[in-house]
Amino acid sequence: MKVAIVHEWLDTYAGSERVLEQLLLAWPDADLFVVCDFLPSDERGFLGGRVPRTTFIQRLPFARKHFRKYLSLMPMAVEQHDLSGYDLVLSSNHAVAKGVLTGPGQLHVSYIHSPMRYAWDLQHQYLRESGLDRGIKGAMTRLMLHKLRIWDRASAAGVDILVANSSYIAERIRKVWRRESVVVHPPVAVQRFTLRREKQEHYLVASRMVPYKRIELVTAAFRRMPGRKLVVIGDGPNMKTVREAAGDAGNITFLGRVSQPELIARMQGARAALHAAEEDFGIAIVEAQACGTPMIAYGRGGALDIVRAPPANDPTGVFFADQTADSIIAAVEEFEALGDAITAEACRENAMRFGEPVFRDAMRALVARQMGER
C-alpha cells in the first residue's frame, strides 16, 4: 500500500507537527507533501530524513518569512500535488491540507485540528485585531475569506473520513461543514512527565500570556483569596493585564519563563493546576494530569474530553462554568471540599489515555477498518 501524508506547512516544530511526527511513525514508508517547507535544520529530526515535496508557494518572493500572506493561493497550490499513485492519503489539516485531490479507489483520511476559525466564526474578531475591519484592504480580505469559506466546505466534501481532535472540534466540523467525524485525541508525550504523590500548598497556572488564555481571571481570583498561594509561569503580550489583575497580592508569585525541568517540577508539586481558556483540546491539561496533578478548568472546549469531574468515578478535577473570577473562586472551594476524593494515581491513569502509542494505534485501526470496508 502506497501512503501519502499531507501537512500544511513546515516552519516550526509545534502542536500540529507532533501529530505529523506520530503519523510518520505509524506509516514509516509514507511520502510527505507540504505547501512549503522552511523548517530550521535543528528541528527536522522528526522527519526521519524525508525531504517533503512542496508547491509553488515555496518559490514565491519573501515566502520564507511571509508565506502566510499567500493564504489565498494555498487552495490552488495544495491541489497541484499529484497523489494519483497512492492508495491511502492522510492529511493533517488546520487550513488547506485536506484540499488535495483524490479519486475513486483512494482512501483520504483527514485529521482536523480545527476548521479555520479566522474564516468562520472568528472572522470579525480576526479582522478587528488585524486592523482590517475597514478600508480597501479590509474589503479585499473579506472577499478573500468569503471565497475561502466556499472552497473550505467544498474540499471537506471530498474527504472520505474526517477525524476530529476532540468532541468540541467534532461539533465545529458539524456546524461549518455539515459532516460527521470520528474523534481521535491528539498525541501527548506523557512519558516525559512522572507521577508525584506529595503535593505542596501552591496552585499553578502555566501558559503563554495571550488574551484568550484569560490568565488575568485566575490572578484576579487569587487576589481575593489571600490565604491560598498561586504560582504563575509564562510570559507574553498580555502579561501587563495579568499583573494588574493580581495587584500587589502577596500570595501570587510570578516566575516568568522557566526551564522545562523546573516547569515539570512545579507542575508535579502543585496542589492543583488551573486552566481558564476555551481550547480545541488542551495538551497542557493532559501534561498536568500525567504529573498526578488535579485540574481546575473552564468547562468548555477540549477540557471536557480530558478532565473527569464529580460525580464521575475516580475524578481528576473540577470545572468552573463561567470565565469569571467568582466562578474560579467557587471551583477552588469545590475542589478543596472534595478532600482526598481526587488522587494522583487517578490523574496519572487518566492522562495515559492520550499517550503517543494510543494515538498511533487508534489511527492505524481506523484506517484498517475503512480499508477493510472498501
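The values are calculated or read from the model by the stated rules, or taken from the named source; none is laboratory data. The model shown is predicted, which means the values in this text are computed figures rather than measured ones. Quick reminder, even Gly has a Cβ in these numbers, built from the backbone with ideal geometry, and neighbours come from all protein chains shown.
Could you please find all residues in region 76-86 being in contact with a helix residue (DSSP H, G or I) (Cβ under 8 Å, 6 or more places away or on another chain) and surrounded by fewer than 19 Cβ atoms within 10 Å (Cβ to Cβ)? I'd like the intermediate steps shown before the answer.
Keep residues of region 76-86 that are in contact with a helix residue (DSSP H, G or I) (Cβ under 8 Å, 6 or more places away or on another chain), which gives 77-80.
If the condition is that a residue be in contact with a helix residue (DSSP H, G or I) (Cβ under 8 Å, 6 or more places away or on another chain) and surrounded by fewer than 19 Cβ atoms within 10 Å (Cβ to Cβ), then Glu79, Gln80 are the ones that fit.
Looking across Thr316, Thr293, one residue alone is buried (at least 20 other Cβ atoms within 10 Å of the Cβ), β-branched (Val, Ile, Thr) and in contact with a Pro (Cβ under 8 Å, 6 or more places away or on another chain). It is Thr316. Do we find that Lys229 is more than 23 Å from Val100 (Cα to Cα), of a type in the set (Lys, Arg), touching a His at 6+ places or on another chain (Cβ under 8 Å) and buried (at least 17 other Cβ atoms within 10 Å of the Cβ) in this structure? For Lys229, the condition - more than 23 Å from Val100 (Cα to Cα), of a type in the set (Lys, Arg), touching a His at 6+ places or on another chain (Cβ under 8 Å) and buried (at least 17 other Cβ atoms within 10 Å of the Cβ) - is met. Considering Lys137, Lys175, the condition of being surrounded by fewer than 19 Cβ atoms within 10 Å (Cβ to Cβ), touching an Asp or Glu at 6+ places or on another chain (Cβ under 9 Å) and either without any contact (Cβ under 8 Å) to a residue 12 or more places away in the chain or among the basic types (Lys, Arg) (or both) is satisfied by Lys175 alone.
Condition (residue is assigned to a loop (DSSP other than H, G, I, E, B), in contact (Cβ under 8 Å) with a residue 24 or more places away in the chain and under 26 Å from Arg153 (Cβ atoms)) applied to region 57-78: is it met by at least one residue? Outline the logic, then answer.
Our first condition is that a residue be assigned to a loop (DSSP other than H, G, I, E, B); within region 57-78, this holds for 60-62.
In the following step, the residues that additionally are in contact (Cβ under 8 Å) with a residue 24 or more places away in the chain were identified as none.
No, there is no match, as no residue in region 57-78 is assigned to a loop (DSSP other than H, G, I, E, B), in contact (Cβ under 8 Å) with a residue 24 or more places away in the chain and under 26 Å from Arg153 (Cβ atoms).
For region 88-98, the criterion of being at pLDDT below 95 and touching a strand residue (DSSP E or B) at 6+ places or on another chain (Cβ under 9 Å) is met by at least one residue. Check region 285-299 and report whether any residue there is closer than 15 Å to Lys199 by Cα and charged (D, E, K, R). Within region 285-299, none of the residues are closer than 15 Å to Lys199 by Cα and charged (D, E, K, R).
Residues in region 327-345 that are in a helix (DSSP H, G or I) and either touching a residue at least 40 places away in the same chain (Cβ under 8 Å) or not assigned by TED's automatic domain parsing to the domain that holds Ile215 (or both): Ile328, Ile329, Val332, Phe335, Ala344, Glu345. Here Ile252 meets the list (1) free of Cβ contacts under 8 Å to residues at least 60 places away in the same chain; (2) touching an Asp or Glu at 6+ places or on another chain (Cβ under 8 Å); (3) surrounded by 21 or more Cβ atoms within 10 Å (Cβ to Cβ) almost entirely, failing just condition (2). Pairing residues of region 81-103 that are without any contact (Cβ under 8 Å) to a residue 60 or more places away in the chain with residues that are crowded, with 24+ Cβ neighbours inside 10 Å, at Cβ distances under 7 Å and at least 6 apart in sequence or on separate chains, gives Gly99/Val78; Thr102/Val89. In the set Arg353, Arg348, Arg364, which member is of a type in the set (Lys, Arg), modelled with pLDDT of 95 or more, farther than 23 Å from Ala164 by Cα and in a helix (DSSP H, G or I)? None of the others qualify; the one that does is Arg348. Among the residues of region 264-283 satisfying the criterion of being under 22 Å from Lys240 (Cβ atoms) and aliphatic (A, V, I, L, M), which is farthest from the chain's Cα centre (by Cα)? Checked region 264-283; the qualifying residue farthest from the chain's Cα centre (by Cα) is Leu274. Kindly list the number of the only condition in (1) under 23 Å from Asp87 (Cβ atoms); (2) within 18 Å of the chain's Cα centre (by Cα) that fails for Ser16. Tallying (1) under 23 Å from Asp87 (Cβ atoms); (2) within 18 Å of the chain's Cα centre (by Cα), Ser16 fails exactly one: (1).
Can you tell me which of Tyr111, Tyr70 is closer than 18 Å to Ile150 by Cα and not charged (D, E, K, R)?
Result: Tyr70 is the single residue among Tyr111, Tyr70 that is closer than 18 Å to Ile150 by Cα and not charged (D, E, K, R).
Test Ser155 against the stated conditions and say whether it is under 19 Å from the mean Cα position of the chain (by Cα) and either farther than 30 Å from Thr219 by Cβ or at pLDDT 95 or above (or both). Full working, then the answer.
Numbers: under 19 Å from the mean Cα position of the chain (by Cα): no; either farther than 30 Å from Thr219 by Cβ or at pLDDT 95 or above (or both): yes.
So Ser155 fails the test.
Val109 meets all of the listed conditions (1) surrounded by fewer than 19 Cβ atoms within 10 Å (Cβ to Cβ); (2) touching a residue at least 24 places away in the same chain (Cβ under 8 Å) but one, namely (1).
Quick check, is Ala290 of a type in the set (Gly, Ala, Ser), in contact (Cβ under 8 Å) with a residue 60 or more places away in the chain and under 15 Å from Ala270 (Cα atoms)? When the stated conditions are applied, Ala290 passes them. Filtered by the rule that a residue be of a type in the set (Val, Ile, Thr) and modelled with pLDDT under 95, region 1-32 gives a lone residue, Thr12.
If you go through region 207-223 and pick out every residue that is outside any loop (DSSP other than H, G, I, E, B) and within 24 Å of Ile264 (Cβ to Cβ), you end up with 5.
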